[in-house]
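Input: a single structure, listed below in structure tokens.
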Amino acid sequence: MRKNDKMQILVVNDDGYTSEGIRILAEFAGTLGNVTLCAPKTEQSGKSHAINITSPFEAKRAEPIGGAECWYVDSTPADCVRFAVNGLHREYDLVFSGINRGINVGRDILYSGTVGAIFEAAALGMPAIAFSTEPGDFGTAKEKIPAVYAWMAERGLLAGRCLWNINIPKVSPKGILLTRQAGPYYLDRIEPCGDGLFRQIGYSMYQGTADLSLDLDAVMNGYISITPMSLSRTDEKVLHDPDFDKNTLQK
């Protein structure tokens with residue numbers, strides 16, 4: 001944060017700039033500093049870390065939301081982050097993404113536009129937090145986010161260039177757990193709709209292992225899950241495998 005200045009916070013999402021979740025998040029961010037809201041014009045769920053590099057996209061200023069300056073971008077969540085930084089020529093101390101309508105846990109994180117936005121923030125050198133909750137009601141998330149943020153700040157988890165994926169259950173949470181990413185939550189089947197059209201229909205494959213070290217199990221058992229994330233996709237276990245050089249490098 002710049003000296004003698006308020007924290008500059010960017011708020012993004014993948015549900016669109018008029019969603020209830022982003023308004024709630026922008027209002028909370030406003031208690032911490034100056035807020036710029038930059039979010040998709042229309043819903044961009046499942047767009048992961050995609051960006052548009054083949055055609056121009058629309059970006060316009062809209063009416064303030066949650067007390068924040070608001071821009072909408074007719075592109076992906078990652079492009080919203082890129083536009084807020086490179087298009088508006090601004091620096092931010094922290095990026096919030098969400099509140100997503102639906103939890104982002106396990107391998108589903110790979111597809112999440114909400115989480116994709118914080119990865120783009122990290123690529124641009126900013127700490128970022130993604131917030132998600134179960135669909136149907138933002139009430140618990142609205143109530144708990146200030147306490148979750150304070151819990152993290154008290155433990156020094158907000159220092160440095162960190163990425164965090166936070167999921168808040170709809171029921172009154174039992175507590176807060178630091179977790180790691182679980183395996184699959186949803187799978188899809190592809191069904192014909194007629195006229196050569198097909199639709200992907202998701203279904204839960206959650207088995208319930210009750211391993212509270214996993215984000216999915218923690219949320220399903222009523223806990224707020226906080227998972228540290230990494231921008232790197234290098235498989236370090238392979239590089240440190242004692243058989244790696246022998247099997248792949250020796251001729």
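Since every read-out is calculated from the coordinates, none of them should be taken as a lab result. This structure is a prediction, so every number in the text was calculated from the model and none was measured. Cβ placement follows ideal geometry from the backbone for every residue including glycine, while neighbour counts extend to all protein chains displayed.
Please state the charge dipole magnitude for the chain, taken about the Cα centre, from unit charges on C-beta atoms (+1 on K and R, -1 on D and E), reported in debye and rounded to the nearest 20.
Dipole size: approximately 460 debye.
For a distance above 30 Å, tell me the whole-number percent of Cα pairs in the chain that qualify. Walk me through the numbers on the way to the answer.
On the way: 9156 of 31375 pairs.
Considering the chain, 29 percent of its Cα-Cα pairs are separated by more than 30 Å.
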*asked:* Along the charge dipole of the stretch 98-230, pointing to its positive end and built from +1/-1 on Cβ of Lys, Arg, Asp and Glu, which listed residue (Phe131, Thr227, Ala147) has its Cα farthest out?
replied: Ala147
*asked:* Can you tell me what share of the DSSP beta bridges in the chain is antiparallel? A percent to the nearest 5 is fine.
replied: 40 percent
*For the stretch 152-223, list log₁₀ I(q)/I(0) at each q in 0.13, 0.18 Å⁻¹, using the Debye formula over Cα point scatterers of equal strength and ignoring solvent, two decimals each.*
-0.56, -0.81
*Quick one: dipole size for the stretch 59-131, taken about the Cα centre, charges +1 on Lys/Arg Cβ and -1 on Asp/Glu Cβ, in debye to the nearest 20.*
100 debye
*Relative contact order of the stretch 1-102: what whole-number percent is it, with Cα pairs under 8 angstrom and at least 6 residues apart?*
39 percent
*To one decimal place, what Kirkwood hydrodynamic radius in Å is obtained for the stretch 115-186 from all pairs of distinct Cα atoms?*
13.5 Å
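Below 13 angstrom from the Cβ of Ile176, what's the summed charge of the other residues (Lys, Arg +1; Asp, Glu -1)? Provide the component values of the computation, followed by the final result.
Numbers: positive: Lys144, Arg155, Lys174; negative: Glu154, Asp215.
Spelling it out: positives minus negatives among the neighbours equals +1.
Can you tell me how the stretch 1-129 classifies by the Cα gyration tensor, rounded, prolate or oblate, using a/c under 1.5 as the rounded cut? Numbers along the way, then the final one.
Details: a/c = 1.35, a/b = 1.27, b/c = 1.06.
In terms of gyration-tensor shape, rounded.
Strictly greater than 22 Å: what percent of every Cα pair in the stretch 1-71 meets that?
I get 28 percent for the Cα pairs in the stretch 1-71 exceeding 22 Å.
Expected output is a single nm value to one decimal: the length gained when fully extending between Ser230 and Ala159, i.e. 0.36 nm times separation in residues minus the C-alpha distance. What is it?
Values: separation 71, 0.36 × 71 = 25.56 nm, distance 1.50 nm.
Here the answer is 24.1 nm.
Which pairs in the list Lys41/Lys142; Lys142/Lys174; Lys6/Lys144; Lys6/Lys170 are over 28 Å apart, alpha-carbon to alpha-carbon?
Numbers: Lys41/Lys142 23 Å; Lys142/Lys174 16 Å; Lys6/Lys144 23 Å; Lys6/Lys170 32 Å.
Checking Cα-Cα distances, Lys6/Lys170 exceed 28 Å.
Which whole-number percent gives the relative contact order of the stretch 28-170, counting Cα pairs below 8 Å spaced six or more residues apart? Walk me through the intermediate numbers first.
Numbers: 255 pairs, mean separation 33.4, N = 143.
That works out to 23 percent.
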*Tally Lys and Arg at +1 and Asp and Glu at -1 over the other residues with C-beta under 13 Å from the C-beta of Ala62: what net charge comes out?*
0
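Hey, can you list the DSSP H helices of the chain whose Cα span along the axis is 20 Å or longer and whose average Kyte-Doolittle score is at least -0.5? Before the final figure, lay out the partial values.
Numbers: long enough: 139-154 (24 Å, -0.12).
The qualifying helices are 139-154.
At a threshold of 8 angstrom on Cα-Cα distance, excluding pairs fewer than six apart, so keeping six or more, what relative contact order does the chain reach in percent? If you can, show how the numbers build up before the last one.
On the way: 548 pairs, mean separation 41.4, N = 251.
It comes to 16 percent, rounded to a whole number.
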